[in-house]
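S.K.: For reference, the structure I am asking about is given below.
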Amino acid sequence: MKLAELDVIVTAPPAPGWGGRYWILVKLTTDTGITGWGECYASSVGPTAMRHVIRDVFDRHMAGENPENIERMFRRAYSSGFTQRPDLTVMGAFSGLEIACWDILGKDRDRPVHALIGGRMNDRIRAYSYLYPLPHHDLSTFWTSPEMHAESAADLVARGYSAVKFDPAGPYTMRGGHMPAMADIALSVAICGAVRDAVGDRADLLFGTHGQFSTAGAIRLGQALEPFTPLWFEEPVPPDNVDAMAQVARAVRIPVATGERLTTKAEFAAVLRAEAASILQPALGRAGGIWEAKKIAALAEAHNAQMAPHLYAGPVEWAANIHLAASIPNILMLETIETPFHDALIKGTIRIEGGFVTPPDSPGLGITVDEELARAHPYTGDGLHLQMQEAPCDYTAPNAFMGGAPPSKG
């Protein structure tokens, strides 16, 4: 059996667009006619350019290869161009292709992917979700409303979730780490307080940031949030500044989590060595794929750290995350996004029930991709999947931030 054909589909989730502006799906077909699906969580370049990167990685390192040879193909891509170091764009392309290889192998052997990577350790996996606006909420005011956040949190907990995430702490700017505005600290405290009052001890609070603070600014914000006992303080400083993140971890009594913008075990190992985080959040469509994530999980286990796979993408990456989570002993929880489009794209083949996910037993990733639906929603914009803002933090007016891909109203 050899890898023979590649197809790339860039699909755009309809408004409000939770999960980013577009999802890059890859479909591999073998010379024996088996198809496998993967998803590339790569956004450093636009989707048109990314199609060419994915094609080049496939043609150069994978075409004609037995899909069993994951390690060999990874080493080719990792070493390409005489680099042998993490490359966010190349590994983003390889990650989605690697996930598709596991889908093929599972289908070929009539086994779920988790059975091929160590077997089922966990019969069900704890899920969490971001706080998104409820249908009656105004999209533009939700992000700065403690009351609306509390309502959304109460809704998730009523549906069985035991952890909720939110990130009200101000803008993500291209300028790097900044000191949070006093208004942003006050809003973060107010939203934490409202959510904690709404859920009590029925759910953990997951405080998200996206690397936007200076070391001192992250410590100042984190210490203000300590009374609400969040389960984690996510990526408080720029992700490549491991020493700064370790300073924050030592100064703030909230566990630090990081990983959505890191790739390969090399970058995660540096985080663990520095004791910069105790919760790792690899995005499997970027971190190197399923096999590389297993290695990251093993490193984390040796450092008594836990895994919480990241998701701000489509349901194919989610399915890969689930199989990883099913097979490792140190899973903490799994990020999820529940929208009708996420569900329809995989024809409801995996669902969240009562705040937990049961790993599928069907072959491969255990999903049925609605290829016609994916092709019916092509991405026609010119923005990246997620984007930083150019304007600096505003210290005199409110920073009404809606994420790196602001919701659209359709």
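Every read-out reported here was derived from the displayed coordinates using simple, explicitly stated rules and does not represent laboratory data. These numbers come from a predicted model, not from an experiment. Note: ideal-geometry Cβ built from the backbone for every residue, glycine included; neighbour counts use all protein chains shown.
S.K.: Rounded, prolate or oblate for segment 258-410? Axes are the square roots of the Cα gyration tensor eigenvalues, ordered a ≥ b ≥ c, and the cut-off for rounded is a/c under 1.5. The partial results should precede the final answer.
M.R.: Details: a/c = 1.95, a/b = 1.05, b/c = 1.86.
Oblate.
S.K.: Also, I was wondering about something else. Please arrange 37, 23 by counting, for each residue, the other beta carbons lying within 10 Å of its beta carbon, fewest first.
M.R.: Numbers: 37 26, 23 29.
Starting with the residue having the fewest Cβ neighbours, the order is 37, 23.
S.K.: Run down the lysines and flag those whose C-alpha is under 28 Å from the C-alpha of residue 165, throwing out any fewer than 8 positions away in its chain.
M.R.: 265, 294, 295, 347, 409
S.K.: Separate question: In the chain, which whole DSSP H runs stretch at least 27 Å along their own axis (Cα) and average -0.5 or higher on the Kyte-Doolittle scale? If you can, show how the numbers build up before the last one.
M.R.: On the way: long enough: 88-109 (31 Å, 0.59).
Length and hydropathy pass: 88-109.
S.K.: Moving to a separate point now. What length, rounded to one decimal in nm, is gained on full extension from residue 84 through to residue 4, with 0.36 nm per residue of separation minus their alpha-carbon distance?
M.R.: Details: separation 80, 0.36 × 80 = 28.80 nm, distance 2.61 nm.
Full extension from residue 84 to residue 4 adds 26.2 nm.
S.K.: Distance between Cα centroids, segment 171-218 to segment 238-288: provide it in whole Å.
M.R.: So the separation of the two Cα centres works out to 18 Å.
S.K.: What does the C-alpha gyration tensor say about the overall shape of segment 3-114? Classify as rounded when a/c is under 1.5, otherwise prolate if a/b is larger than b/c, or oblate.
M.R.: On the way: a/c = 1.85, a/b = 1.15, b/c = 1.60.
Oblate.
S.K.: Can you tell me how much longer the chain between residue 45 and residue 251 gets when fully stretched, taken as 0.36 nm per residue apart minus their C-alpha distance, in nm with one decimal?
M.R.: Working: separation 206, 0.36 × 206 = 74.16 nm, distance 3.57 nm.
Full extension of this stretch gives 70.6 nm more.
S.K.: Taking neighbour counts of Cβ atoms within 10 Å as a proxy for exposure, in what order, fewest first, do 110, 370 appear?
M.R.: On the way: 110 10, 370 16.
Exposure proxy ranking, most exposed first: 110, 370.
S.K.: Further question: Pop the C-beta distance of residue 224 and residue 136 into the FRET formula with R0 = 25 Å and round what comes out to the nearest 0.05.
M.R.: Details: r = 30 Å, r/R0 = 1.21.
About 0.25, to the nearest 0.05.
S.K.: Mind telling me which of 79, 129, 43 comes out most flexible in a GNM of the chain, alpha-carbon contacts under 10 Å?
M.R.: Top of the fluctuation ranking is 79.
S.K.: Taking neighbour counts of Cβ atoms within 10 Å as a proxy for exposure, in what order, fewest first, do 232, 291 appear?
M.R.: Working: 232 26, 291 18.
Exposure proxy ranking, most exposed first: 291, 232.
S.K.: Right, here's the next one. Helix-derived [θ] at 222 nm for the chain: sum -39500 (n - 2.57) over DSSP H runs of at least 4, divide by residue count, nearest 500? Mind dumping the intermediate values first?
M.R.: Numbers: 13 runs with 150 residues, N = 410.
For the chain, the value works out to -11000 deg cm²/dmol.
S.K.: Quick check: residue separation of residue 390 and residue 338 times 0.36 nm, minus the Cα distance between them. What number comes out in nm? Please report the intermediate quantities before stating the final value.
M.R.: Values: separation 52, 0.36 × 52 = 18.72 nm, distance 3.04 nm.
Once the chain is fully extended between residue 390 and residue 338, it gains 15.7 nm.
S.K.: Can you tell me the dipole magnitude for segment 97-188 around its Cα centre, using point charges on the Cβ only (Lys, Arg +1; Asp, Glu -1), in Debye to the nearest 20?
M.R.: Numbers: 9 positive and 11 negative charges, 82 e Å.
My answer is approximately 400 debye.
S.K.: Lys/Arg Cβ at +1, Asp/Glu Cβ at -1, dipole of segment 3-114 taken about the Cα centre: which of 64, 19, 30 is farthest positive-ward?
M.R.: It is 19.
S.K.: Additional query: For residue 342, what is the net charge nearby, where nearby means another residue's Cβ is under 13 Å from its Cβ and Lys, Arg count +1, Asp, Glu -1?
M.R.: Taking every other residue near residue 342 into account, the sum is -4.
S.K.: Give the residues of segment 88-111 whose amide nitrogen is closer than 19 Å to a point set 7 Å from the Cα of residue 56 in the direction of its Cβ.
M.R.: 88-98
S.K.: Shape call for segment 199-343 from the C-alpha gyration tensor, a ≥ b ≥ c root eigenvalues: rounded (a/c under 1.5), prolate (a/b greater than b/c) or oblate?
M.R.: oblate
S.K.: Starting from the Cα of residue 2, draw a straight line to each of the lysines and keep only those under 21 Å, dropping any in the same chain fewer than 8 residues away.
M.R.: Hits, sequence-local ones excluded: 27, 107.
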